[in-house]
1. May I ask you to list the GluC sites (Glu not before Pro) in region 181-247 that are in a DSSP loop and have at most 12 other Cβ atoms within 10 Å of their Cβ?
2. Considering Cα pairs under 8 angstrom that are at least six residues apart, work out the relative contact order of region 158-250 and quote it in whole percent.
3. For the chain, give me the percentage of DSSP beta bridges that are antiparallel, rounded to the nearest 5 percent.
4. For Ile180, list long-range residues whose amide hydrogen, built 1.01 Å from N in the peptide plane, is under 5 Å from its own amide hydrogen.
5. Could you tally the net charge around Gly125, taking each other residue with its Cβ under 11 Å from the Cβ of Gly125, Lys/Arg +1 and Asp/Glu -1?
6. Please list, in chain and number order, the residues 5+ apart from Phe203 or on another chain whose amide H is under 5 Å from its amide H, with Hs placed from the backbone.
7. Hey, what do the phi angles of region 141-152 turn into as Karplus ³J(HN,Hα) couplings, whole Hz, using 6.51/-1.76/1.60 and θ = phi - 60°, x for Gly and Pro?
8. According to a simple spin-label model (label point 7 Å from Cα along Cα-to-Cβ), what is the distance in nm between Glu229 and Glu70?
Amino acid sequence: MKKFFKLGVTALLSLGLLAGCGSDDKQVLVMGTSADYPPFESIDEATGEIVGFDVDLARYITEELGYEFEVRDMDFNGLIPALEGGRVDFVLAGMTPRPDRLERADFSDIYHEANNLIVSKADSGIETVEDLAGKAIGVQLGSIQEEEAEGVVAPEVDGLQIEKRNRIPELIQEIIAGRIDAAIIEDTVAKGYLERYEELSSFLLPHTEEAGSAIAFPKGSELLEPFNEVLNEMKENGKLEELILKWFDE
Ligand code: ARG
């Protein structure tokens, strides 16, 4: 009897595995992110786990829809290729739907709005975009901040040098070390670093588009609609506001 039971369990488990299911028989969705973007996503130093607003949002939505989910960390620049290559089912990475990305991925409704700041050392004398003439400005590789630097800032000032890095903390460390003069970082994310490092200051980068965040899916994904439905429920039932208060203290 016992043996029969065991065999049964093993068979069920392997069936589950074959069908790509978790131990409790739910399908596992893989979320791609770039965990360098607190409070959206970062690695909790104590546990090594990826935590943040985006992770909680994904947890809520996938739970509501009856899926398990796991998070895969990679460079921001690799997220759209991972969607295209079918290595992840969706991306939550504070990612902004922009025309070039809409050609390669489908996006949910916006779940958070943000603006871009110029962050530099408080004693750098950089207080306006004009002050960036001849300076080195850092941006995350493949981000819309890279587009802003090239399309909006560079045409306005002479001799701007654009430095691209894979991870946001690298940009912060290089400003502090004096290897770059400033960086373009969205307000929600910059806030944490500005609080942590007193030697930094910031101002709003004018004339740029809002950097709203949305969930990205492979083109034609059937997940888009159900995810949007839950997202809109969350806007109505206060769940989204709850997560915003938890992570952004706005
Ligand atoms: N919102 C910007 C973009 O879409 C930056 C997002 C960066 N996200 C991250 N997890 N590092 O390009």
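Derivation of every value follows stated rules applied to the coordinates shown; laboratory data play no part. Everything numeric here is computed off the predicted structure, so don't read it as measured data. Here the Cβ positions follow ideal geometry from the backbone for every residue, glycine too, while neighbour counts run over all protein chains shown.
1. Glu198, Glu199, Glu210, Glu222
2. Dividing the mean separation by the residue count of region 158-250 yields 14 percent.
3. 60
4. Ile175
5. Surrounding charge for Gly125 is -2.
6. The answer is Ile118.
7. So the Karplus estimates, Gly and Pro as x, are 4, x, 9, 5, 5, 5, 4, 5, 4, 6, x, 10 Hz.
8. Computed distance between label sites Glu70 and Glu229 equals 2.7 nm.
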